[in-house]
Amino acid sequence: MASQEKPLAIQIEKLTKRYRTGALKSNLALDDVTLKVSQGEVFGFLGPNGAGKTTLIKILVGIMGADSGTCRILGLDTLGREAKLKLGYLPERPYFHDFLTSAEFLRFHGRLLGMTEDAIESRIPALLKKVGMSKSRDQKLRTFSKGMLQRIGFAQALLHDPAILVLDEPMSGLDPVGRREVRDIISEIAGMGKTIFFSTHIIHDVEVVCTTVGFINGGKLKGSGNIESLLGRTVKSMEVRYSLPDAKDPGSEKMLKTSRRTMDGWVLDIESDVDDLEDQVNKVLAHILSLKGNVRAVVPRKSTLEDLFFEGSR
């Protein structure tokens with residue numbers, strides 16, 4: 001029995017956006033981008049700086065219009081208020097009223113969202129605890145570090161319990177400890193069943209927390225999909241681990257001359273086109289056995305996310 005596909009949280013169809021740079025000139029920021037994200041996914045939107053990530057996010061959250069194409073949140077047009085209320089948004093460079101305390105800041109945004117006072121007051125303690133800011137409830141934002149501001153930004157984005165979080169470069173400018181803390185928060189929020197869409201140019205961030213990924217460069221979507229499926233598609237090379245009788249030296253064998261020594265034998269990396277990789281491996285194995293050697297293991301090396309990223313950036 002075929003498994004049912006998850007309902008869509010985000011649906012982008014043929015999205016195009018140009019920025020005017022002069023009287024007769026324009027820059028194509030998004031070029032016919034089509035993208036789908038299922039509910040409950042943690043989607044990493046990966047691309048170099050200037051690739052079009054922030055432009056797409058601004059259209060996604062409804063603060064910018066597209067020249068053509070459609071963008072929908074849970075089936076709703078992103079320019080409508082109902083769709084916006086389904087979203088929690090943290091921009092790359094948020095502006096916070098730094099004279100407010102954490103509690104005052106959340107109270108202010110709760111009122112902007114139309115929440116009741118009782119609902120706001122009941123949410124503040126739980127959210128501050130979730131992002132590790134309970135002790136900073138009455139501390140003014142102007143005294144916060146970059147990492148603390150990101151944490152309070154997460155609290156604000158979660159205030160109205162949205163179904164979808166959209167985060168633009170949420171780990172930008174953080175030190176390694178801060179990056180780890182923000183990744184942990186994203187993982188915890190994902191565990192609540194939220195859909196999370198976040199942009200980054202750091203491959204490791206996507207590898208650690210994401211279930212699906214999209215690659216964008218020069219305004220064009222270069223590919224997207226489930227990370228495990230993408231990485232499992234292509235075997236890049238094969239590693240043959242073997243040993244030979246003491247008198248044998250693979251350096252004198254044409255087929256084995258690039259082998260490298262290990263503690264318990266030799267390792268040969270075989271890199272080739274996918275079409276003839278298996279045939280080359282079989283020839284190497286037959287040659288090792290003809291030398292009365294022992295094949296210890298044959299290990300495939302599949303594509304990494306870094307491989308896919310740089311292939312998509314060409």
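Kindly report, to the nearest 10 Å², the accessible surface of Lys36 as traced by a 1.4 Å probe over protein heavy atoms only.
Approximately 110 Å² for this residue.
Taking the Cα-to-Cβ direction at Leu79 and at Asp249 and moving 7 Å from each Cα, how far apart do the two end points lie in nm?
Each label point is offset 7 Å from its Cα along the Cβ direction, giving 7.6 nm.
How long is the range 138-230 along each principal axis, judged by its Cα atoms, biggest number first, in Å?
46, 27, 23
Starting from the Cα of Lys283, draw a straight line to each of the aspartates and glutamates and keep only those under 20 Å, dropping any in the same chain fewer than 8 residues away.
Glu239, Asp249, Glu253, Asp269, Glu271, Asp273, Asp275
Accessible area per residue, 1.4 Å probe, Å², for the chain: what's the number?
Averaged over the residues of the chain, the accessible area is 53 Å².
Write down Rg/Rh for the range 156-197, rounded to two decimals, with Rg from the C-alpha atoms and Rh from the Kirkwood relation over Cα pairs.
On the way: Rg = 10.7 Å, Rh = 10.9 Å.
Rg divided by Rh gives 0.98.
How far is helix 146-158 tilted off the main Cα axis of the chain, in degrees rounded to 10, range 0 to 90?
Computed tilt is about 70 degrees.
In whole Å, what three semi-axes, largest first, describe the equivalent ellipsoid of the chain built from its Cα gyration tensor (square root of 5 times each eigenvalue)?
48, 24, 18
Given a Förster distance of 25 angstrom, what is the FRET efficiency for Leu8 paired with Asp161, based on the Cβ-Cβ distance and rounded to 0.05? All intermediate terms of the calculation are to be shown ahead of the outcome.
Working: r = 20 Å, r/R0 = 0.80.
E between Leu8 and Asp161, to the nearest 0.05, is 0.80.
Calculate the all-directions average of the projected area of the range 34-155's alpha-carbon convex hull, and give it in nm².
8.9
Once the dipole of the chain is set up with Lys and Arg at +1 and Asp and Glu at -1 on Cβ about the Cα centre, which of Leu112, Ser134, Ile196 lies farthest towards its positive end?
Leu112
Ignoring solvent entirely, what values of log10 I(q)/I(0) come out of the Debye formula for the range 1-98 at 0.17, 0.19, 0.20, 0.23 Å⁻¹ when each Cα is a single scatterer?
Those come out to -0.84, -1.01, -1.10, -1.33, one per q.
Helix-derived [θ] at 222 nm for the chain: sum -39500 (n - 2.57) over DSSP H runs of at least 4, divide by residue count, nearest 500?
Value at 222 nm, helices only: -9500 deg cm²/dmol.
List the chymotrypsin sites (Phe, Trp or Tyr not before Pro) in the range 48-109 that DSSP assigns to loop (not H, G, I, E or B) and whose Cβ has at most 10 other Cβ atoms within 10 Å. Which are they?
Tyr95, Phe99
Relative to the Cα centre, what is the charge dipole magnitude of the chain, using +1 at the beta carbon of each Lys and Arg, -1 at the beta carbon of each Asp and Glu, and rounding to the nearest 20 debye?
About 700 debye.
The values are calculated or read from the model by the stated rules, or taken from the named source; none is laboratory data. Just so you know, these numbers come straight off a predicted model, no measurement behind them. So basically every Cβ, Gly included, is an ideal-geometry build from the backbone, and we count neighbours across all protein chains shown. The area values use the complete protein model at the heavy-atom level, side chains included, leaving out ligands, DNA and RNA. Shrake-Rupley method; radii C 1.70, N 1.55, O 1.52, S 1.80 Å.
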